[in-house]
Amino acid sequence: MYIHLLSLGRVPYAEGLAIQRRVIAARKAGEIGDTLLLLEHPPVLTLGRNAKRTHVLASDELLLAKGVELHEVNRGGDVTYHGPGQLVGYPIFDLRGDFPGKKGPHLGPVDFVRMLEEVLIRVCGEYRVMAQRICGRTGVWTVPNGSIHEKKIAAIGVHVSQGVTSHGFALNVTTDLRDYQWIVPCGIADREVTSLELESPVEPPPSFDAVLNATARNCGRVFQRQMIWSESLGHIFAERASSVQ
């Protein structure tokens, strides 16, 4: 068993959505296998199904002046921010497939989210950042070390349709955290956000590419699959076509 892995670089959010839709349709049709898209976005705000518009603190005029787009999407969760230096992952998996610990005909969405959290907790651990889950607050959080409260280092919000997942996670690597002043992150006003760059004691600080590779590696470990790097989306389709001939 394997997972296709495609690194897209920095992609405008609308383009990322279009790529997701193409991959989702192909996964539902059985034209490709499970696929993980890794990328980053220019500054953008997204509102999930449970988002409150009041959690966007910046005015429309400010967002326009900064060139920040705002998108309403069908993932779970509230408002979140994406921007340069943040590793975004879109796992497009069929939950009816073979997964560790699966009970019944498909992996439950909550169990899937817990597995994504585990991937990111392990990534943080590679850079000597202790991370954890917080009951009732989806995502990955630091373990307090000299600070009073835990801080959010990764957000997770997924959507499942016909057993196939979309959207995913956002891990702050070298993100400019000042941009979070535009929102109430995930609707949580009493906790701060942070990044691997700020939290890790490792020298030199973790680079975006290194964290991307660590994420791919730990995804393979948690989901117990081989990760197959692909050069392009067309290459993924070609690989699938050749394998069924």
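A few comments on the model shown:
- Matching residues in region 177-196 - criterion: being open to solvent by less than 40 Å² (accessible area, probe 1.4 Å) and of a type in the set (Gly, Ala, Ser): 187, 195
- Taking region 197-217 as the range and being touching a residue at least 12 places away in the same chain (Cβ under 8 Å), outside any helix (DSSP H, G or I) and open to solvent by 60 Å² or more (accessible area, probe 1.4 Å) as the test, the residues that pass are 201, 205.
- Pairs with Cβ under 7 Å, 6+ apart, first in region 181-196 and in a strand (DSSP E or B), second not hydrophobic (A, V, I, L, M, F, W, C): 183/55; 183/81; 193/151; 193/152; 193/172; 193/180; 193/185
- Looking at 40, 72, just one residue is among the acidic types (Asp, Glu) and in contact with a Leu (Cβ under 6 Å, 6 or more places away or on another chain), and that residue is 72.
- Listed by position, the strands (runs of 3 or more DSSP E) enclosed by region 46-131 that each have at least 1 residues that are in contact (Cβ under 8 Å) with a residue 24 or more places away in the chain, more than 22 Å from residue 150 (Cα to Cα) and more than 16 Å from the chain's Cα centre (by Cα) are 69-72.
- Filtered by the rule that a residue be within 25 Å of residue 17 (Cα to Cα) and of a type in the set (D, E, K, R), region 179-204 gives a lone residue, 179.
- Unique match (being modelled with pLDDT under 95 and not aliphatic (A, V, I, L, M)) among 52, 28: 52
- Cβ-Cβ under 6 Å pairs, at least 6 apart or on other chains, region 218-229 side among the β-branched types (Val, Ile, Thr), far side open to solvent by 40 Å² or more (accessible area, probe 1.4 Å): 222/118; 228/2
- Selected residue (criterion: nearest to residue 173 (Cα to Cα)) from residues of region 26-69 that are surrounded by fewer than 13 Cβ atoms within 10 Å (Cβ to Cβ) and among the small types (Gly, Ala, Ser): 67
- Flag for residue 232 being of a type outside the set (Asp, Glu) and modelled with pLDDT under 95: yes
- Residue 140 touching a residue at least 12 places away in the same chain (Cβ under 8 Å) and part of a helix (DSSP H, G or I): no
- Per the listing 165, 174, the residue uniquely of a type outside the set (Phe, Trp, Tyr), at pLDDT 95 or above and not in a strand (DSSP E or B) is 174.
- Qualifying positions in region 9-32 - within 19 Å of the chain's Cα centre (by Cα) and either in a loop (DSSP other than H, G, I, E, B) or more than 25 Å from residue 97 (Cβ to Cβ) (or both): 9, 10, 11, 12, 13, 14, 15
The values are calculated or read from the model by the stated rules, or taken from the named source; none is laboratory data. None of these values were measured; they are calculated from a predicted model. As a convention, Cβ positions derive from the backbone with ideal geometry for all residues, glycine included, and neighbour counts pool all protein chains shown. These area figures cover heavy atoms from the full protein model, side chains too; ligands, DNA and RNA do not enter into them. Shrake-Rupley method; radii C 1.70, N 1.55, O 1.52, S 1.80 Å.
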